[in-house]
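> Structure in structure tokens, see below.
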Amino acid sequence: MTYAFQAEGLVKRFGETTAVAGIDLAARPGTVLGMLGPNGAGKTTAVRILATLMQPDGGRATVCGYDVVREAPRVRERIGITGQYASVDEDLTGRENLVLIGELLNLRCRGARARTTQVLRRFGLDDAAERKVAAYSGGMRRRLDLAASLMGDPAVVYLDEPTTGLDPGKRGEVWRMIRSMTDSGGTVLLTTQYLEEADALADDIVVNDHGKVIAQGTAAELKALVGGQTLDVHPKEPTRLNEVAAILTTVAGRQAEIRNRSVVTAQVEGDAALHETVRQLAAAGIAVTELALRLPSLDEVFFALTGHHTERNDHEDGDELVPL
């Protein structure tokens, strides 16, 4: 199989610390590969290696068939990159930012302007093109940053936690932009600590912890690792949470959990547990605002694999990625 990018046994050390401990990655053309992991998992270091910003201490990686060490200039011609924080110039307009990047990518002046017009339209920034970026909202800046990563029409785009700090509405805008990147055959490597983001966008997912890949597959395949289904019950009266927990523990045959002081959850086997829970709740006179039987979430998968939940903080590996 031909991969858009591939890494085999990548290793990177910083003194006595091993940030990347022999990971393998591969993404098919036209897909999104999601990379999950807590702070310190080595996600950003792996991206830096694939982007030729850092050389590995072991293993090898290729992008579009070119070695990231021996053929770094060829790799750079075929990739785009966006880090956690927008790297656009606030004193320039949206159009001026993209034209400048186009010229830095050796597009002729006319070609840079034509490409800028195309990319602005694609990301819905036509109306704001002549405004200074300082007047843009957070979501608009992020869209412009993503647009900048596509100025060179890259075959592969690295997005390192691109929605950090955005509210849910703005995050949804960025999700739509990311999905559009694969429409014409482009490939995306997405690192994120938002489990729902990987669930919504990624065709395949790798889970990193302590610099190693500890699981990989589609979202459905990873959820199958946990097994069974999860039953969530939101009682109308929070004072009855302990009663609900006792009922779910009996029905599930395992200890139920109270989360966020509002919901009781337990892993169950089959639909019969739902019907029995409803019967016992009714018998106890416990009203609920919501009752749902669902597959495990990626957060639950991650917890099962690593023993802890993801942390939505700043970069784990040091400085922010610099744009190419």
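> To the nearest 10 degrees, how steeply does helix 109-122 sit against the main Cα axis of the chain, on a 0 to 90 scale?
20 degrees
> Mind checking which aspartates and glutamates have their C-alpha under 16 Å from LYS223, skipping anything on the same chain fewer than 8 residues away?
Correct list for LYS223: GLU196, GLU197, ASP199, ASP203, ASP204, GLU269, ASP299, GLU300.
> Related question: Ignoring ligands, DNA and RNA, what accessible area per residue does the chain give at 1.4 Å, in Å²?
Roughly 47 Å² per residue, with all protein chains present.
> Still on this structure, I have one more. Say R0 is 41 Å: what FRET efficiency, to the nearest 0.05, do THR250 and PHE303 get from their beta-carbon distance?
For THR250 and PHE303, the calculated efficiency is 0.95.
> While we're here: Go from 0 up to the bin containing the longest alpha carbon distance in the chain, width 10 Å each, and give me the % of pairs per bin.
Each 10 Å bin holds this share of Cα pairs: 6, 24, 28, 20, 13, 7, 2, 0.
> Right, something else. With a Förster radius of 56 Å, plug the Cβ-Cβ distance of ARG121 and LEU291 into 1/(1 + (r/R0)^6) and report the FRET value to the nearest 0.05.
0.75
> List the GluC sites (Glu not before Pro) in region 112-202 that DSSP assigns to loop (not H, G, I, E or B) and whose Cβ has at most 16 other Cβ atoms within 10 Å. Which are they?
Sparse-neighbourhood loop GluC sites (Glu not before Pro): GLU130.
> Could I ask something else about it? Suppose we keep just the DSSP beta bridges with both residues in region 153-302; what percent of those would be antiparallel, to 5?
DSSP beta bridges in region 153-302 are roughly 80 percent antiparallel.
> Which ³J(HN,Hα) values, rounded to whole Hz and listed in residue order, are derived for region 23-39 from phi using the Karplus coefficients 6.51, -1.76 and 1.60 in 6.51 cos²θ - 1.76 cosθ + 1.60 with θ = phi - 60°, glycine and proline given as x?
7, 10, 9, 7, 9, 6, x, x, 10, 10, 9, x, 10, 9, x, x, 4
> Okay, moving on. If I model a spin label as a point 7 Å beyond the Cα along the Cα-Cβ vector, how far apart are those points for ARG28 and ALA72 in nm?
Each label point is offset 7 Å from its Cα along the Cβ direction, giving 3.3 nm.
> Next up: So if I take the centroid of the Cα atoms in region 1-57 and the same for region 255-294, what is the distance between those two points in Å?
Taking the Cα centre of region 255-294 as reference, the centre of region 1-57 is 41 Å away.
> In addition: To the nearest 0.05, how large is the calculated FRET efficiency for GLU221 and VAL11 if R₀ is 22 Å and r is the Cβ-Cβ distance?
E between GLU221 and VAL11, to the nearest 0.05, is 0.25.
> Kindly provide the trypsin sites (Lys or Arg not before Pro) of region 1-99 that DSSP labels as loop, not H, G, I, E or B, and whose Cβ sees at most 12 other Cβ atoms within 10 Å. Each step should come with its number before you reach the end.
Working: sites: LYS12, ARG13, LYS43, ARG48, ARG60, ARG70, ARG74, ARG76, ARG78, ARG95; in loops: ARG70, ARG78.
In loop regions of region 1-99 (DSSP not H, G, I, E or B), the sparsely surrounded trypsin sites (Lys or Arg not before Pro) are ARG70.
The values are calculated or read from the model by the stated rules, or taken from the named source; none is laboratory data. Not measured: the values here are computed from a predicted model. As a convention, Cβ positions derive from the backbone with ideal geometry for all residues, glycine included, and neighbour counts pool all protein chains shown. Heads up: the accessible areas ignore ligands, DNA and RNA and are worked out on the full protein's heavy atoms, side chains in. Shrake-Rupley method; radii C 1.70, N 1.55, O 1.52, S 1.80 Å.
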